[in-house]
Amino acid sequence: MKSKTQNLVFWTVVGLSMLVLLNLWTMPTRVAVEEEILFSDFMAKLDQGAVEKVTMQGSRLRGVLKDHTQVRTYMADYPDLVQVLREQHVQIEVKPSAESSWYMTMLMTWGPFVLFLGVWLFVMRRMQNGNAALSLVKSRARMLTEAQKKVTFSDVAGIDEVKADVQETVDFLKDPRKFQKLGGRIPKGVLVVGPPGTGKTLLAKAIAGEAGVPFFSISGSDFVEMFVGVGASRVRTLFEDAKKHAPCIVFIDEIDAVGRSRGMGLGGGNDEREQTLNQLLVEMDGFDTTEGVILVAATNRPDVLDPALLRPGRFDRQVTVNHPDLRGRSEILKVHTKNVPVAADVELETIARGTPGFSGADLENLVNEAALRAARQNKSQVWAVDFDTAKDKILMGTERKSMMLTDEEKRVIAYHEAGHALVAKLLPGTDPVHKVSIIPRGRALGVTLQLPTNDRHNYSKEFLYNTLAILLGGRVAEELVFKQVTTGAGNDLERATALARQMVCEWGMSERLGPLTFGQKEGSAFLGRSFSTNRDCSEQMAAEIDLEIKRLIRENYARARQLLTERMMTLAALADALLEKEVLDAREIEEVLLRSSQQGVTYSAVS
Ligand code: ADP
Ligand code: ZN
C-alpha cells in the first residue's frame, strides 16, 4: 500500500511539473489578445503616429497603439524601420529571436538530469521500503491477524470429518509446548485437496481462527515471477516473517503452481520454478515444528505435485474436501443464510436437494444472488422464487437479452434445444430435464438443463450411453428439420467425443476392447507432466480405440435420429412452445408432450 501511494505522489509531481513547463512555454501566444494586421497597415499606423510601442522578436513585430489595442505582424527586411520608429518616438523593445528558447534550453540541458534524478530517487525509495534489498523479493504474503474478521469452525459447514482431522493441528497451535513435552510428532504441513470453491482456504483460516494465531496467505502463483531467483527469495522471506510471528499458519493456495514435478518441463525452461520449489523444500526441512509454524497448502491437482513435497516431514498430512452432499449443502446454506431474512416459503432442504454438484462457494453465491434479486425488487425478505431464479442464473449463466437474433436463427435454436430435451425425456434413467431455454446466456445460444434428483457419485454405462444420445439430439433435430447443420452444435460434439473417449479409454466400457484403460490421463508439458499423452498401447490398438469412439458416436447419433424422426410432431410442438415462451420448465415441457400425445402423436418413453 505504502509504495502505491508513493508511486502516485511521484507521478503526480512529475505530471504537474510537466504541465507548468508546458504552460510557461506556450503562455505568450495564449495571453495576448492581438490583432494580426498587414505590414503595410502597420506602416500606415506608424506614419499616422498612432503607435506607442513596438516589440521586435526575430521577424515578429508586436505593437501597442496609442488607443491600447495590440497588433502584430511580420516584419519585412526593411532597414529603415528603426529609423522610422525613432522619428515617431516609438518605444522599441527587442527580444532574442525565439521567445521560447530559454525554456527549451533549460529543458534540453536539465530535463534528462532531472528525470534521471527522479527515477533514481524513486528506485532508492523502493529499495528502502522494507528491509529486503528490492521490494520484488518481499514475500507478498498477506497476514491476517486476529483483529480481522475471525473465521472459526462454525463458519465451515458440511465437512465434519475434515474438521476432526485438523483438530490436532489446532490443539498444537494453541499450546505448542504441551505437545513438545510429550514428544509427539506434529505434522509440519497439511495438504488440503479438493475442487475449487469447496472451502480449502476457509478451512485454513478456520484453523488459524480456532487456534487464535496469525494467518499468512500467499498463492503459489505469487512465487512464479519473471526473474530467476525472485521466487526463491520470496520463499525465504516468507518463512522468516512466519517464524517471527510463530505460532502461526502459513497458507499456500494453488501450491501446484510451484510444486509441480521437477525435471519434466519443456527444454529445461523451468529453472525459476524449480529453484523456488527447492527453496520451499529446504525451508520446510530447515524448521522444527516446535517453532510453531504450520504450513497448510491447497490444490485441486495433487497428481501433478512433486513427490518430494509429500514426503514425511513435509506435507505429511492430507485431507480431502469434496463437493458437499445433500446434508452438507443444507448446512452450508444454513451458515450463509444466518444473516439473511429468509421468507417463510423457503426450505433450505429443498434448495439443497435442487443443487447437486454445487460447491460451498456456489451456494454462497446462490444466497447472495437471491438476496440481491430480492433487494432489487424492494422486497423485505428473500423468497423461494428469488432462490430459484438465482439458481438458474448460476447454472445457465446470465441472460444476454440484448443479443439480437433473427427469427430464422431463433427457430434453429428452438429445434436444437427441443431435440436435446425430447431425447432426454424419451430415454429412461437419464436426469430429469429441469429447464430448456432459448435465451442466449454467456456463450451459449440456448440451454437444456438436466438436474439429477440425487447426488450422483457413480455413472452406469447405460446412463453415459444415453447422455451421448442427448448431446447429439440437438444436431440431429437441426438436420431433420432444416436439412442442414449449424455451428451451434460444436460444443455438444466436443463434449460427446470427449465423453466417448473417456468411456473407452478410462472406464473400460467398450465390449470390443474389454475392461482396460488406455493412455495416461491428459496433461501437457505446461502442466509439468509428460509431453504428450503417453501412449501405452500399440498403433493398432490406438486405431481400434478411435474406431470404438466413432462407433459410440455413430450409434447414438442414429438412435437420436430414430427417436426424433418418429416424433417430428412432438418435436415441432416443443420448438413452437419454446419460440413462444423462450423458457420452459419441467412442468411446461410435460404439458406440451401430453398435449401432443393426445393429438394422436406417438409419445411414449422407449426403453
Ligand atoms: P477454495 O479455497 O477451496 O477454492 P474457498 O475456501 O475460497 O474455496 O471458498 C470460497 C467461499 O465459499 C468461502 O469463503 C465460503 O464462503 C464458501 N464456502 C466454501 N465451502 C464452504 C463450507 N464448507 N462451509 C461454508 N462456506 C463455504
Ligand atoms: Zn446443444
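Over the chain, what percent of the accessible surface lies on carbon and sulfur atoms, probe 1.4 Å?
In the chain, the share of accessible area belonging to carbon and sulfur is 55 percent.
In the stretch 390-429, what trypsin sites (Lys or Arg not before Pro) fall in a loop by DSSP, with at most 12 other Cβ atoms inside 10 Å?
Passing sites in the stretch 390-429 are 401.
I'd like the Karplus ³J(HN,Hα) series for the stretch 405-420: coefficients 6.51, -1.76, 1.60, θ = phi - 60°, whole numbers in Hz, and an x wherever there's a Gly or Pro.
Whole-Hz 3J(HN,Hα) from phi for the stretch 405-420: 10, 6, 4, 5, 4, 4, 4, 4, 5, 4, 5, 4, 5, 4, x, 4.
Quote the charge dipole size of the chain about the Cα centre in Debye, to the nearest 20; the model charges only the Cβ of Lys and Arg (+1) and of Asp and Glu (-1). Could the numbers behind the result be given before it?
On the way: 75 positive and 78 negative charges, 247 e Å.
Using Cβ point charges on Lys, Arg, Asp and Glu, the chain gives about 1180 debye.
Per residue, how large is the accessible surface of the chain? Use a 1.4 angstrom probe and give square angstrom.
Spelled out: the 1.4 Å probe surface of the chain, per residue, equals 55 Å².
Projected onto the charge dipole of the stretch 50-117 (+1 at Lys/Arg Cβ, -1 at Asp/Glu Cβ, origin at the Cα centre), which of 58, 117, 73 gives the Cα projection farthest towards the positive end?
Farthest towards the positive pole: 117.
Jot down the per residue volume, in cubic angstrom and as a whole number, of the convex hull over the alpha-carbon atoms of the stretch 407-598.
144
Tell me, what is the percent relative contact order of the chain, built from C-alpha pairs under 8 Å that lie six or more residues apart?
Working: 908 pairs, mean separation 61.3, N = 607.
In percent, rounded to a whole number, it is 10.
Mind putting together the pair-distance distribution for the stretch 142-320? All Cα pairs, 10 Å bins, whole percent per bin, short to long.
10, 40, 36, 12, 2
On a straight-distance basis, which lysines could pair with residue 483 in a cross-link, Cα separation under 27 angstrom, same-chain partners fewer than 8 positions away excluded?
By straight Cα distance, residue 483 reaches 410, 425, 435, 550, 581.
Over the Cα atoms of the chain, how large are the radius of gyration and the largest Cα-Cα distance (Dmax), in Å?
When restricted to the Cα atoms of the chain, Rg and Dmax are 37.5, 119 Å.
Report the label-to-label distance for residue 114 and residue 80 in nanometres (one decimal), using points 7 Å from each Cα along the Cα→Cβ vector.
4.8
By a straight-distance test (C-alpha under 30 Å), which lysines pair with residue 53 as possible cross-link partners, with residues fewer than eight away in the same chain excluded?
The qualifying lysines are 45, 66, 95.
Dipole size in debye (nearest 20) for the stretch 407-598 around its Cα centre, Lys and Arg Cβ +1, Asp and Glu Cβ -1?
The calculated dipole for the stretch 407-598 is roughly 180 debye.
Would you list the P(r) distribution for the stretch 419-472, with all Cα-Cα distances sorted into 10 Å bins from 0 and each bin expressed as a whole %?
Values per bin, smallest distances first: 23, 52, 23, 2.
Checking the cross-link filter: which lysines have an alpha carbon closer than 24 Å to that of residue 243, excluding same-chain neighbours under 8 positions apart?
Once the sequence-local lysines are set aside, what remains near residue 243 is 2, 138, 149, 150, 174, 178, 181, 188, 200, 205.
Taking chymotrypsin sites (Phe, Trp or Tyr not before Pro) as exposed when DSSP calls them loop (any state but H, G, I, E, B) and at most 11 other Cβ atoms lie within 10 Å, what is the longest stretch of the chain free of them, the sites themselves excluded?
It works out to 228-530.
Just to be sure I understand the curve: with the Debye formula and one point per C-alpha of the stretch 454-497, what is log10 I(q)/I(0) at q = 0.24 Å⁻¹?
-0.83
What span do the alpha-carbon atoms of the stretch 265-423 cover on each of the three principal axes, reported in whole Å from largest to smallest?
Here the spans come out as 64, 44, 31 Å, largest first.
Can you tell me the convex hull volume per residue for the stretch 368-520, based on C-alpha atoms, in Å³ to the nearest whole number?
Expressed per residue, the convex hull around the Cα atoms of the stretch 368-520 is 154 Å³.
Only loop residues by DSSP count here, and only those with at most 14 other Cβ atoms within 10 Å; note down the GluC sites (Glu not before Pro) in the stretch 339-396 that meet that.
347
Tell me the Kirkwood hydrodynamic radius of the stretch 326-396 in angstroms, computed as one over the mean inverse distance between distinct C-alpha pairs.
11.7
The values are calculated or read from the model by the stated rules, or taken from the named source; none is laboratory data. Here the structure is a predicted model, which means the values were calculated and not measured. No Cβ is skipped: glycine too gets one built from the backbone with ideal geometry, and neighbour counts run over all protein chains shown. Accessible surface is based on the protein model in full, side chains and every heavy atom, while ligands, DNA and RNA are left aside. Shrake-Rupley method; radii C 1.70, N 1.55, O 1.52, S 1.80 Å.
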